[in-house]
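Note sheet for the following structure.
The values are calculated or read from the model by the stated rules, or taken from the named source; none is laboratory data. All values reported here derive from a predicted model rather than from experimental measurement. Cβ sites come from the backbone with ideal geometry, for glycine too, and all protein chains shown count toward neighbours. Ligands, DNA and RNA are excluded from the accessible area calculation, which covers all protein heavy atoms including side chains. Shrake-Rupley method; radii C 1.70, N 1.55, O 1.52, S 1.80 Å.
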Amino acid sequence: MSVHSPETIPSPPDLRDHTDPAVLYRLSNLVTRAIVGTLGILLPLAFIIGETVFLRGGVHVRGSLSAYYHTSMRDLFVAGLCVIGFFLATYLSGEPKTADFRLSLVAGLAVLGVAFFPTMRPHLLPSAPRCGVTPMPDGCSAIQQQLGERLVAGVHFTFAAVFILSLALICFVFAKREQDHKHDARMAAIVRACGWIIIGAVAWVAVGGLLNVTIWELTPLYLGEVVSVWAFGAAW
């Protein structure tokens, strides 16, 4: 096994050199991360503010982020998730064998599934007709009408679970790189903490849902989703 002397160890590219293809590639990845992180942080706020403006009422939150599909924020919900999904699926696409790319691809495809397989319509009475019957009930999407509301909701939650858990794993991968390659223990600890926050938020959704804990209008599912997305946005 050969040992490289300090003189033979390649130095990181100078990000100020915009003529170096490696620098441009690195900068494009940083821009992608900035966009995804910013969208993740802003979208939950945009749903609340946007609906407040459209409905001209007080501040109101839904039972989950996914429930905004069935509000006046549907277009923003679908568009926002599609943009995030596209950037996640193509992040580090020039390095297809890395864990970053594979996890990000899974997360991107999963969030697209969340967008196109909506959750069930909220606040339905037990006797209310579900999507899939004729005539089509109000508020049903085409895929809900075709496959049935409960089946589509099951697919939705499966994609959502894969998406959230992928976000946590990506945080741990980022933390390992900061620790091993950049030797930045402080940043590695922060990013790793974001991953554990996401795991904790998932646990809170399960425990809080079983105990039916609601804080003001904030359900365990809504809080868990928002905390997870914000933690991921901060890590990126």
Listed residues V111, V31, V61, most fluctuating in the chain (Gaussian network, C-alpha, under 10 Å): V31
Dipole magnitude of the range 94-175 about its Cα centre (Cβ charges: Lys, Arg +1; Asp, Glu -1), debye to nearest 20: 140 debye
Between helix 21-55 and the chain: long-axis angle, C-alpha atoms, 0 to 90°, nearest 10: 20 degrees
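So if we plug the beta-carbon distance of T158 and H123 into 1/(1 + (r/R0)^6) with R0 = 25 Å, what FRET efficiency do we get, rounded to 0.05?
Values: r = 23 Å, r/R0 = 0.92.
Step by step, r from the Cβ atoms, then E = 0.65.
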Residues L109 and L30, FRET efficiency given R0 of 25 Å [Cβ-Cβ distance, rounded to 0.05]: 0.65
Tail fraction, Cα-Cα pairs, the range 60-136, threshold 16 Å, whole percent: 60 percent
Cα shape, the range 117-236, gyration tensor, a/c 1.5 rule: prolate
Dipole of the chain, positive direction: furthest Cα of P126, V31, L81, with charges on the beta-carbon: P126
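By how many nm would the segment from Q146 to K97 lengthen if fully extended, with 0.36 nm per residue of separation less the alpha-carbon distance?
13.9 nm
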Radius of gyration, Dmax [the range 81-181; alpha carbons; angstrom]: 17.6, 60
The range 151-212: radius of gyration over Cα atoms, expressed as a fraction of 2.2 N^0.38 Å: 1.39
Highest-MSF residue in the chain out of L147, L43, L76 [GNM, Cα springs under 10 Å]: L147
Inter-centroid distance (Cα atoms) of the range 161-178 relative to the range 62-141, Å: 20 Å
Heavy-atom accessible surface of the chain: percent carbon and sulfur, 1.4 Å: 70 percent
Charge dipole magnitude, Cβ of K and R +1, D and E -1 - the chain, Cα centre, debye nearest 20: 380 debye
Kirkwood Rh in Å, taken over all unlike Cα pairs in the chain: 19.7 Å
Residue-normalised accessible area of the chain, given per residue in Å² at a 1.4 Å probe: 56 Å²
CD proxy at 222 nm, helix term only [per DSSP H run n ≥ 4: -39500 (n - 2.57); per residue of the chain; nearest 500]: -22500 deg cm²/dmol
Where labels lie 7 Å past Cα in the beta-carbon direction, separation of D138 and L218 in nm: 3.1 nm
Where trypsin sites (Lys or Arg not before Pro) fall in DSSP loop in the range 157-194, at most 16 other Cβ within 10 Å: K182
